[in-house]
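Notes for the one structure printed next.
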Amino acid sequence: MGTLRDLQYALQEKIEELRQRDALIDELELELDQKDELIQKLQNELDKYRSVIRPATQQAQQQSAGTLQGEQRTKRQAISAEPTAFDIQDLSHVTLPFYPKSPQSKELIKEAILDNDFMKNLELSQIQEIVDCMYPVEYGKDSCIIKEGDVGSLVYVMEDGKVEVTKEGVKLCTMGPGKVFGELAILYNCTRTATVKTLVNVKLWAIDRQCFQTIMMRTGLIKHTEYMEFLKSVPTFQSLPEEILSKLADVLEETHYESGEYIIRQGARGDTFFIISKGKVNVTREDSPSEDPVFLRTLGKGDWFGEKALQG
């Protein structure tokens, strides 16, 4: 009888263990579903970011080649090419408007942009130019700043006051100082997706689409030209056609490393090619685990390393 009881007790323990495992599996499956949703959300945000940054360079190349009208618009081609000067020499001489601001106003605009999901990934130099180009706008109480369905060409940063945001007559939220609104109209050239009305007197800073796009285009073209020069300085790429180099320049990504940080470790699998745009790196080789690494050379701006990774 004692043996049977032991078996029954052991069986109950196994059943309980299986139940706990089933519960754990359910929890893990739920967590996996949540992570899949998060990955999809982040991918959507990445697509939006790329549609802001990369089409500027791509559109400029297509327009200068005279092929834009004959080609189908790609999925991520989001910024309309309103600035007519696509040549980098022309864009470099474009004089952008400048409106003086107090240090507090400059900081408020900068923080508002960095807090905005659609604009926070802009480069600091771009944000600084946007801050300089924004001009003051004031509205009285019960004024309509943005009307749903209208064609919009301005993006705003609120410095003082409060507004109400509605969509199809339904209140979405209220916004106060330090918030960006209307950004979709200049990022994606779409109609206004909601209505914004003032609840009190408000003070805003605004920038128009053409000025914004000029900043984006100029930065994109300058970077593309720099990348092209870098690529042409690499012997491995010098024999490649111009259009292939241009495509490579489009997919280059800027990465930052702190002083003393390892970029490549000897013996690790390599799958990345690097070109130094700023700073210096030391190259060392470890001949024996028991000996100190041997210094080989220092590389600086314009130098490259890791090109063999591209060849497998």
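Checking the condition more than 25 Å from Asn121 (Cβ to Cβ), in contact with a helix residue (DSSP H, G or I) (Cβ under 7 Å, 6 or more places away or on another chain) and without any contact (Cβ under 8 Å) to a residue 24 or more places away in the chain, which residue from Leu299, Leu245 passes? Please lay out each step first, then the result.
Details: Leu299 fails: in contact with a helix residue (DSSP H, G or I) (Cβ under 7 Å, 6 or more places away or on another chain).
Leu245 is the lone residue from the list that is more than 25 Å from Asn121 (Cβ to Cβ), in contact with a helix residue (DSSP H, G or I) (Cβ under 7 Å, 6 or more places away or on another chain) and without any contact (Cβ under 8 Å) to a residue 24 or more places away in the chain.
Among the residues of the stretch 207-220, are any among the basic types (Lys, Arg), over 30 Å from Ser143 (Cβ atoms) and open to solvent by 40 Å² or more (accessible area, probe 1.4 Å)?
No, because not a single residue in the stretch 207-220 is among the basic types (Lys, Arg), over 30 Å from Ser143 (Cβ atoms) and open to solvent by 40 Å² or more (accessible area, probe 1.4 Å).
Tell me, which residue of the stretch 256-279 that is touching a Lys or Arg at 6+ places or on another chain (Cβ under 8 Å) and under 26 Å from Ile222 (Cβ atoms) is modelled with the highest pLDDT? Working first, answer last.
Start the filter on the stretch 256-279 by keeping residues that are touching a Lys or Arg at 6+ places or on another chain (Cβ under 8 Å), which leaves 266, 270, 276-279.
Keeping just the survivors that are under 26 Å from Ile222 (Cβ atoms) gives 276-279.
Numbers: Ile276: 85, Ser277: 78, Lys278: 84, Gly279: 90.
Per the stated criteria, the residue is Gly279.
Hey, any hits in the stretch 176-191 for a residue that's of a type in the set (Phe, Trp, Tyr), over 19 Å from Phe305 (Cα atoms) and open to solvent by 30 Å² or more (accessible area, probe 1.4 Å)?
So far as the stretch 176-191 goes, yes, one or more of its residues are of a type in the set (Phe, Trp, Tyr), over 19 Å from Phe305 (Cα atoms) and open to solvent by 30 Å² or more (accessible area, probe 1.4 Å).
So, in the stretch 147-164, of the ones that are modelled with pLDDT under 95 and open to solvent by less than 30 Å² (accessible area, probe 1.4 Å), which residue ends up nearest to the chain's Cα centre (by Cα)?
For the stretch 147-164, the residue satisfying everything is Val155.
Residues of the stretch 145-198 being without any contact (Cβ under 8 Å) to a residue 24 or more places away in the chain and of a type in the set (Gly, Ala, Ser), which ones?
Selection gives Gly169, Gly176.
Among (1) more than 27 Å from Asn121 (Cβ to Cβ); (2) touching a strand residue (DSSP E or B) at 6+ places or on another chain (Cβ under 8 Å), there is one condition Ile275 misses while meeting the rest; what is its number?
(1)
Here are some residues: Ser233, Ser246, Ser288. Which one is polar (S, T, N, Q) and within 21 Å of the chain's Cα centre (by Cα)?
Being polar (S, T, N, Q) and within 21 Å of the chain's Cα centre (by Cα) holds for just one of Ser233, Ser246, Ser288, which is Ser246.
State whether the residues of the stretch 186-194 include one that is under 22 Å from Glu129 (Cβ atoms), in contact with a strand residue (DSSP E or B) (Cβ under 7 Å, 6 or more places away or on another chain), at pLDDT below 95 and in a strand (DSSP E or B).
No: zero hits.
Residue under question is Ala249, and the condition is that it be within 22 Å of Thr219 (Cβ to Cβ) and surrounded by 13 or more Cβ atoms within 10 Å (Cβ to Cβ); does it hold?
Judged against the criteria, Ala249 is a match.
Just to be sure I understand, how many residues within the stretch 233-271 are farther than 30 Å from Ser288 by Cα and either of a type in the set (Phe, Trp, Tyr) or not in a loop (DSSP other than H, G, I, E, B) (or both)?
Residues meeting the conditions: 13.
Consider the stretch 107-143. How many of its residues are more than 22 Å from Gln213 (Cβ to Cβ), open to solvent by 60 Å² or more (accessible area, probe 1.4 Å) and not in a loop (DSSP other than H, G, I, E, B)?
The number of residues fulfilling the criteria is 4.
The values are calculated or read from the model by the stated rules, or taken from the named source; none is laboratory data. On a predicted model such as this, the values are computed, not experimentally measured, just so you know. Counting neighbours? That spans all protein chains shown, and the Cβs are built from the backbone with ideal geometry, glycine included. Calculation scope for accessible area: heavy atoms of the full protein, side chains included, ligands and nucleic acids excluded. Shrake-Rupley method; radii C 1.70, N 1.55, O 1.52, S 1.80 Å.
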